[in-house]
Every structure is written in C-alpha cells, then in structure tokens.
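**Student:** Below is a structure I'd like to ask you about.
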Amino acid sequence: MSKSSGSERKLKQRQCLICRDSEEKSMMLRLVVDDEGRIWPDLFQKAPGRGTYLCMKQACLTGLTDRKLGALRNRFNVQLPQRANLMERTGEVLRRQLVRLVSQFGAVAVLGRDAVMHQMWKSGPLLVMLASDAGDALVQQVEDGIDKRRKAGEKTILLHGFSTSFLAEAFARDKISVAALDTANVSTKLQMFCDWYVRVKELG
Ligand SMILES: [Zn+2]
C-alpha cells in the first residue's frame with residue numbers, strides 16, 4: 001500500500017461549489033473572496049484565508065450563475081452580480097500563467113506551419129497549439145495531419161483556443177499561428193490550465 005491511501009487522500013478532496021462532486025483539490029480551481037467582496041481565482045491555492053472550490057468541468061462553468069454564487073453569502077461577504085467579472089479575472093489569470101508556462105518551452109517548441117507539419121510525421125506524442133484565428137486552410141491542414149497521426153496510432157493533443165497574439169506573446173515572435181511541443185515536456189498542470197482557459201474563453 002502506498003502512503004496516500006484512504007483518509008489521507010480524502011483530506012485533499014474538496015466539494016465543487018456548483019455540482020457538489022468531490023474531487024482532488026489540486027485538480028480544481030480555488031476561489032477566494034477579498035475584503036471588498038470580490039471573488040478571485042487562486043490558481044496555486046496559496047492565498048490566505050478560506051476558499052471555495054470549482055471543478056471546472058464544462059457543465060459547472062455553464063451552471064456558474066450569480067444565483068449560484070449567492071450561496072457563498074453563507075460564508076463570505078460576496079458582492080453580486082459578479083459572475084461576468086469572475087470569468088474575466090479567471091481568463092486573464094490563466095492567460096498570464098499560460099504565457100509564462102508556454103514561454104519556458106520557447107527553445108524546444110516547433111513554430112510555424114512548415115515546421116509543425118514536418119514534426120507531425122515523426123513518431124511520439126505531440127501537443128499542438130493551433131490559433132483559433134489561424135485561417136481555414138491551416139486549420140484544415142493541421143486537422144488532416146492529426147487525423148493521419150491518429151490512424152498511425154500516434155497521440156496528439158490539440159489546443160485550439162488561443163489567439164495568434166497569445167502564441168506570439170508566449171513564444172516572443174511577431175506572429176505564430178501554430179506551434180507544437182513534445183508532450184514529454186508538458187506537465188499535467190499545463191494541460192489542465194489549457195483546458196480551463198479554452199473553456200472559460202468559450203463561455204466568455
Ligand atoms: Zn463541479
């Protein structure tokens with residue numbers, strides 16, 4: 001038996017504010033409330049004071065309404081409405097953190113259409129970041145490439161929620177529409193933040 005069995009693992013679980021499911025807290029978004037009653041995302045779960053947790057599944061983000069946030073009034077002095085502000089803050093905090101994380105891969109990332117398409121023919125799991133404003137032709141080309149890789153039994157994670165300006169900022173270039181990374185370099189946390197960012201962006 002490993003050390004983290006049973007009760008120890010349960011201690012690290014938290015209940016989602018919206019769906020009430022219990023999850024590993026490191027896989028959830030912690031929210032904290034400041035003195036002015038504003039709710040903030042606490043990405044690294046280090047902010048002092050009491051917090052509450054969101055599982056960040058699509059359904060919970062869709063179900064996150066001001067009425068649901070009102071439930072926090074039992075424990076916090078929360079100002080309402082602020083669902084829209086909370087989503088905006090969360091998107092911005094995630095975007096900044098992702099730029100920081102992705103930029104660390106600048107030296108090993110493959111950038112631009114030709115280099116990425118070339119990389120797709122190689123074996124090994126790949127993370128592909130395709131800008132949402134990349135243009136139909138490039139989107140089609142990348143999707144075809146991923147489909148061929150899938151048929152060849154190669155794993156590809158496609159992230160399609162960033163803009164060209166996001167990728168340009170992350171990789172310190174003028175303009176980047178597509179980039180790829182060997183997933184051996186990509187942490188679970190980075191993948192999780194990417195998924196969250198794309199979901200938050202889609203909901204606006
Ligand atoms: Zn939930």
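The values are calculated or read from the model by the stated rules, or taken from the named source; none is laboratory data. These numbers were taken from a predicted model, which means no experiment stands behind them. Glycine gets a Cβ as well: all are built from the backbone with ideal geometry, and neighbour counts include every protein chain shown. Calculation scope for accessible area: heavy atoms of the full protein, side chains included, ligands and nucleic acids excluded. Shrake-Rupley method; radii C 1.70, N 1.55, O 1.52, S 1.80 Å.
**Student:** Net charge around Pro125, counting only other residues with Cβ within less than 10 Å of its Cβ (Lys, Arg = +1; Asp, Glu = -1)?
**Tutor:** That sum, taken over residues with Cβ under 10 Å, equals 0.
**Student:** Could you please state how large a percent of the accessible area of the chain is carbon and sulfur, counting protein chains only and using a 1.4 Å probe?
**Tutor:** On the way: 5460 of 11320 Å².
Answer for the chain: carbon and sulfur cover 48 percent of the accessible area.
**Student:** Now for a different question. Between Glu92 and Ala59, 0.36 nm times their residue separation minus their Cα-Cα distance comes to what?
**Tutor:** Values: separation 33, 0.36 × 33 = 11.88 nm, distance 2.07 nm.
Difference between extended and current length: 9.8 nm.
**Student:** I'm a student and want to see the number: the projected area of the Cα convex hull of the stretch 7-96, averaged over all directions, in nm².
**Tutor:** With every direction weighted equally, the projected area is 5.9 nm².
**Student:** Just to be sure I understand: with springs between alpha-carbon atoms less than 10 Å apart, which residue in Leu86, Leu11, Leu181 has the highest mean-square fluctuation in the Gaussian network model of the chain?
**Tutor:** Comparing Leu86, Leu11, Leu181 in a Gaussian network model of the chain, the most mobile one is Leu11.
**Student:** Okay, next question. What is the sum of charges, Lys and Arg at +1 and Asp and Glu at -1, for the other residues whose Cβ falls under 12 Å from the Cβ of Leu167?
**Tutor:** 0
**Student:** Then there's this: Compute a Gaussian network model of the chain, connecting alpha carbons closer than 10 Å, and tell me which residue from Lys148, Lys175, Lys57 fluctuates the most.
**Tutor:** Taking springs between Cα atoms under 10 Å, the residue moving most is Lys148.
**Student:** Treating only the Cβ of Lys, Arg, Asp and Glu as charged (+1, +1, -1, -1), what charge dipole size does the chain show about its Cα centre? Round to the nearest 20 debye.
**Tutor:** About 880 debye.
**Student:** Once phi is turned into θ = phi - 60°, what whole-Hz ³J(HN,Hα) does the Karplus curve with 6.51, -1.76 and 1.60 give for every residue of the stretch 190-198, x standing for Gly and Pro?
**Tutor:** 4, 4, 5, 4, 4, 4, 4, 4, 4
**Student:** While we're looking at this one, here's another question. For a Förster distance of 25 Å, can you work out the FRET efficiency between the beta-carbons of Ser163 and Ser26, rounded to the nearest 0.05?
**Tutor:** The computed FRET efficiency comes out at 0.35.
**Student:** Could you report the chain's accessible area per residue, 1.4 Å probe, as an integer in Å²?
**Tutor:** Here the per-residue accessible area is 55 Å².
**Student:** If you don't mind, another one. Once all Cα-Cα distances of the stretch 13-164 are split into 10 Å bins that start at 0, what whole-number percent is in each one?
**Tutor:** Reading the bins upward from 0: 10, 31, 25, 22, 11, 1.
**Student:** Enumerate the calculated ³J(HN,Hα) couplings along the stretch 143-153 in order (Karplus 6.51 cos²θ - 1.76 cosθ + 1.60, θ = phi - 60°), each rounded to whole Hz, writing x wherever the residue is Gly or Pro.
**Tutor:** 5, 4, x, 5, 4, 5, 5, 4, 5, 8, x
**Student:** In a Debye calculation with equal point scatterers on the alpha-carbon sites of the stretch 106-185 and no solvent, what is log10 I(q)/I(0) at q = 0.11, 0.17, 0.27 Å⁻¹?
**Tutor:** For the stretch 106-185, the Cα-only Debye profile gives -0.24, -0.58, -1.42.
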